[in-house]
Structure formats: structure tokens, C-alpha cells
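The next block holds one structure in the form of C-alpha cells; read it before the comments.
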Amino acid sequence: MITNKQRKFLRANAHQLKPVVSAGNAGLSEGVMHEIEGALSHHELIKIRISGAERDDIKTMADTICENMDASLVQIIGHVVIIYRPAKDPKIQLPKA
């Protein structure tokens, strides 16, 4: 679990990122989940664009992704979800809790 201070730090770092995975009307298919896994393993902090979904559905999808990927939800802005999962050798040094 990340603290508010760490979440703020991650939001600032995610600002310049582009979405690396897009989930369409089909939702969170096995292929999309595989792409998210690969992106998290490589980048630690990623943006995911979820198109064609309502606000409540986006929150539900974000929670599902975080639960399945053992990741932390950083922020949801419109149809873009920012999530973080530290790598085995973390590239991003989070501020102390």
C-alpha cells in the first residue's frame, strides 16, 4: 500500500507518461491483462486508457486490475487509470512513508 505522499510523487512522475495499454469495449480480456502485466514488469508506473466505459465501470476495472496484478491505484482521470507496482529491482525510488 502506498501513502498519500508517495501517491502524490507518483502522480507527478506519471504526468508526462502516455497510456501504454488500451482497454476497449471488450473490457479486461486475457490479452489486455497480459499487456498490463508486461508493461508493469517493464515500467513500474503505467497509464491505461479505458474507453467506452462509464465512471463506475472504470473504477471497477481499475480495482480489478490492481487486485489481479498486486498493484496500487495511483489515480483515475477521466478514462485514464494510473497504476504502480514496484519491480524486483525498483527503478522508481518512492519517498519514505
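List of remarks:
- Cα pair distances in the range 17-84, grouped into 5 Å bins until the bin that holds the longest one, percent each: 3, 19, 36, 29, 11, 1
- Proximal lysines relative to Lys88, as straight alpha-carbon distance under 21 Å, when same-chain residues fewer than 8 apart are discounted: Lys47, Lys96
Any read-out appearing in this document is the output of simple, stated calculations on the displayed coordinates, not a laboratory observation. Everything numeric here is computed off the predicted structure, so don't read it as measured data.
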